[in-house]
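Working notes, beginning with the structure itself.
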Amino acid sequence: MARITRVLDTSALLAHAFQEPGWERVRDILRDEEAVLDLSAAVLFEFQVRLQERGVLAQHPGTVDAYEALFDVIIPVDNVVARMAFELKRDTPERLPAMDALIAACAKVHEAVLVHRDPHIAPIPAHLLKQEPLPPKT
C-alpha cells in the first residue's frame, strides 16, 4: 500500500497548537509513524508569525523547533512552486491569497494531501489539489 504524503497548512498547525477544532485529527496525523509529513517553508514562516503575535514564542521559544522536527521534509518555495502557485491562483474560481497559493502549490508539487481549515484554500478545485479539510475555527 502506498504511503500518503501530507502537507499541513498553517491553519492545521495552529489548530493543533491551540487545541482548536480539528486538533485531534492533526494530533493523529503527527503521531502516525507511517505517515510522510512535509511542511512548506511558507507555513514555517506563517506559524512563527502567528505564535509571535499570540505571545507564545516569548514563553516557549522552542515551540517552532519542536514542530519542525516532526516533519520529514521542509519544502522550499522555489521557481517550480511559484509557477504552480500561479496556476492554482489562476484556476481557482474564488480569491486565493498569494501565501495560500504558495502553500497549496507546495502540496501539489509534492503530490501530497493538504490538510487545512483555511476557507481560502477550500475552493481550489479537487482535480487541482488533494485536500483534507478540518472543521472550521469557531
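All of the numbers you see were taken from the coordinates with simple rules; none came from a lab. Worth saying up front: this structure is predicted, and the values here are computed from it rather than measured. So basically every Cβ, Gly included, is an ideal-geometry build from the backbone, and we count neighbours across all protein chains shown.
Okay, here's what the table says:
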read-out	value
Options Leu39, Pro93, Ala69, ranked by Cα towards positive dipole end of segment 7-129, top entry (Cβ charges)	Pro93
Reported label for calculated Rg and Dmax of the Cα atoms in Å given (1) 17.8, 57; (2) 14.1, 47; (3) 14.2, 43	(3)
Computed E for Ala35/Arg95 - FRET, C-beta separation, R0 22 angstrom, nearest 0.05	0.10
With Cα atoms, 0 to 90° folded angle of helix 41-53 axis to the chain main axis	40
For segment 115-129 and segment 52-96, distance of Cα centres in Å	15
Whole-Hz ³J(HN,Hα) from phi, Karplus 6.51 cos²θ - 1.76 cosθ + 1.60, for segment 98-113, glycine and proline x	4, 5, 5, 5, 5, 5, 4, 5, 4, 5, 4, 4, 8, 6, 10, 8
Nearest 10 degrees, 0 to 90: helix 79-91 Cα axis against the chain principal axis	70
Estimated distance in nm for a label pair at Glu111 and Glu53, the labels positioned 7 Å out from Cα along Cα-to-Cβ	3.5
Under-5 Å amide H pairs with Ile75, H placed in peptide plane, nonlocal only	Leu39, Ser40, Ala41
Rel. contact order, % - alpha carbon contacts under 8 angstrom, at least six apart, the chain	30
Long-range HN-HN contacts of Val7 with modeled amide H, under 5 Å	Asp38, Val113, Leu114, Val115
Given charges at beta-carbon only (K, R positive; D, E negative), |dipole| of segment 7-129 in Debye	400
